[in-house]
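The structure appears right after this line, and notes come after that.
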Amino acid sequence: MSTTSKKVIMTRVYLSEESHILDDVMDYLKGDANISGYTVFRAIKGMGSHGEKASRLLDIALDLPVVVEFFDEKAKVDGIIQHLNTFVPPYHIVFWEVDVNTP
């Protein structure tokens, strides 16, 4: 069996549930950025510049860490990251090259 692939850029944006820019990031990705999809992961525990945050079994709403993840071709992601850098704090965006399976 032969596998074909191409190079894309995987990108993660680290924020928190209560961040005033979380909705801005998601709206931009599904609107102007024209990304075909993204995923938001909710953490149960995290530590950053504002200290440690953790969830307990019965907690419903906390300001927990979230990660917005997406991938696309390098040329497209370069422009997206450049725009996100205008309102996402420094050191909150990471990206790297990966292979994605293709038909």
Original post:
Taking neighbour counts of Cβ atoms within 10 Å as a proxy for exposure, in what order, fewest first, do His20, His92, His83 appear?
Top reply: His20, His83, His92
Original post:
From the backbone phi of the stretch 71-82, what are the Karplus-calculated ³J(HN,Hα) couplings (6.51 cos²θ - 1.76 cosθ + 1.60, θ = phi - 60°) in whole Hz, Gly and Pro given as x?
Top reply: 9, 6, 5, 3, 4, 6, 5, 4, x, 5, 5, 4
Original post:
Going by how many other beta carbons lie within 10 Å of each one, how would you line up Tyr14, Tyr91, fewest first?
Top reply: Tyr91, Tyr14
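Values quoted throughout were computed directly from the atomic coordinates according to the rules given, and no laboratory measurement underlies them. For clarity, every value in this text was computed on a predicted model and none was experimentally measured. Cβ sites come from the backbone with ideal geometry, for glycine too, and all protein chains shown count toward neighbours.
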